[in-house]
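First up is the structure itself, then whatever we jot down about it.
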Amino acid sequence: MRPRPFVVLLAAAAVAAGCSSADPSPETADTTAAPMTTTAPAAPTTAAAATTTTTTTTSTTTVPPSALTGIGDQAGLGDSLYPDLGNGGYDVAHYTLELTFDPATDVLTGIATIDAAATIELDVFNLDFIGFEILDLTVDEQPADFSRAGRELTIEPSMPIPAGEAFTARIEYTGTPAPIPSRALSFQVGWRTATDGTSYVVSEPDGAASWFPANDHPLDKATFTFRVTVPTPLLAVANGVLTDTITDIGATTRVYEMDQPMPTYLTTVVIGDLDVVDDPAGSAAAGVPIRNVLPPVVATDLPPALGEQGDMVAFLESVYGPYPFDLYGIAVVPEFPAALENSTLSIFGDGFVSSPLFEFVLVHELAHQWFGDHITPADWGDIWLNEGFATYAEWLWLEHTEGPAALDQITAGTREQLALAALPPPGIPPPDDLFNASVYRWGGLTLHALRLEIGDDAFFTTLRTYVARYGGSTARTEDFIAVAEEIAGRPVDDVFDAWLYGETIPEL
Ligand code: ZN
């Protein structure tokens, strides 16, 4: 993670003054990133208007809990931190997002076609969607009534959808996309447009509703097709593999397929005056294509650390098992003081490119492709399964490149700093500060404590088994603990109780 500067400063202060400059953890990396003055512009009023009642009212029938999870209702999936995120009653299989964006006018026109299956009989169902004017809405090609309140778009199909039936919702919309406030962060998430006209999406955890109607909770992973049309010669990139490029007069449409399940919070498009830069040597080392999406000024003067990504893929594969997707790379964008592990295309603020810690942030976001993207937390309260694992990957890379003494130093030093800080334990993240330093560093140390407890063989077998078992799907903390106990052949819940939920950080 590379949070925004104020969070960074808070984290750095909380973790105690005098952080080692050799500490590659993301919180310190943040301090070297883009300055605070470069945050994205506030939401324009058109898209910020959260409540727009467009048509008639909907049924208020009470329905049983979602079969997707056994919890939740139409307006939320019962997440322990954010109960209203996502929607129960159905399971999305595939989103097709046809998007036309013109940076000259800032207007995004979209057609979202959502293939889903009802898990209960649906008189109505909800999607998460903020802003935009809805031009047309159908369910199975029949016009459907809808209403809007906050982030909830409530749709009433002309006929109830029986439990177990597949259905297709099609929503056509237009407006000026803009970032939206997050429940988890003190800065806005979703679609951002920088002052130079570059647009990009950074949604974790709750920003997907700023650009398409979504079941915006990681429990409902789905495959995606993106068809993005922008004026020529601008570039548009999205998650997944480029399968088609269609040129028309003045405009180019590119089609990207993400055919492995992806949570909505990792969906992205990046649009701008950017170059796709292939990395043949890195691709050979990685065994999958590596391409980066870079501003020309970066493309013509490639930062050396970027050339290490292929070796990083090979190293992490040796630890976790095969890289989970068909390609990888980063996009470098302006005015984002953070980095985010969007599937197959991590996004980095341009401040990282010249940072001495760039290498470690590259490893961090790459490791998220396994932990976060391939295995996705089933509940935001389990965020340490993302951030603790990605932070530990930085330390594994340090051990790999500089030897075991460097690992001992970073883990002992980090523990010492955390012992002086007033942070919550990583298993109990505050809902309004989800990406606090504890889920990263204390979470990373939790894995190190497990390794010291069960030994290297059992520890690395646990990681590989967990990836093999839960890859492509979602997991909870107890799922990981169960794998560790199975591999260790004995209970290890004491380790996790102390490290994830204890008020003070244990000794290593
Ligand atoms: Zn992270």
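Taking a point 7 angstrom from the Cα of D244 along the C-beta vector, which residues in region 185-203 have backbone N less than 13 Å away? Within reach of a label on D244: no residues.
Relative to the Cα centre, the charge distribution of region 413-508, modelled as +1 at Lys and Arg Cβ and -1 at Asp and Glu Cβ, gives a dipole magnitude of about 320 debye.
Put a dot 7 Å past the Cα of A163, heading toward its Cβ, do the same for E399, and the two dots end up 4.8 nm apart. As an equivalent ellipsoid, region 169-328 spans semi-axes of 26, 21, 17 angstrom, where each value is the square root of five times an eigenvalue of the C-alpha gyration tensor, largest first. The residue list L500, S355, P424 was ranked by how far each Cα lies along the charge dipole of region 349-508 toward its positive end, using unit charges on Cβ atoms, and S355 comes out on top. Just add up the charged neighbours of A419: K/R +1, D/E -1, any other residue whose Cβ is under 14 Å from the Cβ of A419. Taking every Cβ under 14 Å from that of A419, the sum is -1. The magnitude of the dipole of region 443-485, with charges of +1 and -1 set on the Cβ of Lys/Arg and Asp/Glu and taken from the Cα centre, is near 180 debye.
With the cut-off at 1.5 for a/c, could you classify region 250-401 from its C-alpha gyration tensor as rounded, prolate or oblate? Note, shape of region 250-401 comes out rounded. Derived value for region 296-383: Kirkwood hydrodynamic radius 13.6 Å. Basis is the mean of 1/r over every pair of different alpha-carbon atoms.
In this view, the solvent-accessible surface of T504, computed with a 1.4 Å probe and all protein chains in place, comes to about 110 Å². Pairs of Cα atoms nearer than 8 Å and 6+ residues apart set the relative contact order; for region 69-206 it is 21 percent.
Expressed as a fraction of 2.2 N^0.38 Å, the value expected for a compact globular protein of N residues, the C-alpha radius of gyration of region 363-464 is 1.04. With 10 Å bins beginning at zero, the pair-distance distribution over Cα atoms of region 74-130 amounts to 19, 39, 28, 13, 1 %.
Taking every protein chain into account, the 1.4 Å probe leaves F336 with about 10 Å² of accessible area, to the nearest ten. Charge dipole (Cα centre; +1 on Lys/Arg Cβ, -1 on Asp/Glu Cβ; no other charges) of the chain amounts to roughly 500 debye.
Our estimate of slack between V276 and S318, defined as 0.36 nm per intervening residue step minus the Cα-Cα distance, is 12.4 nm.
Determine the distance separating the Cα centre of region 342-398 from the Cα centre of region 399-417; give it in Å without decimals. Spelled out, the Cα-based centre of one part sits 18 Å from the other. Computed on the chain, with alpha-carbon pairs under 8 angstrom and 6+ residues apart, the relative contact order is 15 percent. Averaging 1/r over every pair of different alpha carbons in the chain and inverting the result gives a Kirkwood radius of 23.0 Å. Segment D102..T174, full-extension length gain: 24.7 nm, with 0.36 nm per residue of separation and the alpha-carbon distance subtracted. Taking all protein chains together and a 1.4 Å probe, the residues S354, S203 rank S354, S203 from largest to smallest accessible area. Each peptide in 162-170, 81-89, 178-186 receives the mean, over its residues, of other Cβ atoms within 10 Å, and ordering these scores from highest gives 81-89, 178-186, 162-170. Of the residues F187, P213, T176, the one whose Cα sits farthest toward the positive end of the charge dipole of region 132-275, with +1 on the Cβ of Lys and Arg and -1 on the Cβ of Asp and Glu, is F187. Counting only Cα atoms, region 97-243 measures 48, 35, 28 Å along its principal axes, largest extent leading.
Each Cα pair under 8 Å and six or more residues apart adds its separation to the average, and for region 318-406 the resulting relative contact order is 22 percent.
The values are calculated or read from the model by the stated rules, or taken from the named source; none is laboratory data. Everything numeric in this text was worked out from a predicted model, so none of it was measured. When we count neighbours, we look across all protein chains shown, and the Cβ atoms used for this are built from the backbone with ideal geometry, even at glycine. Quick note on the areas: whole protein, heavy atoms, side chains included, nothing else; ligands and nucleic acids left out. Shrake-Rupley method; radii C 1.70, N 1.55, O 1.52, S 1.80 Å.
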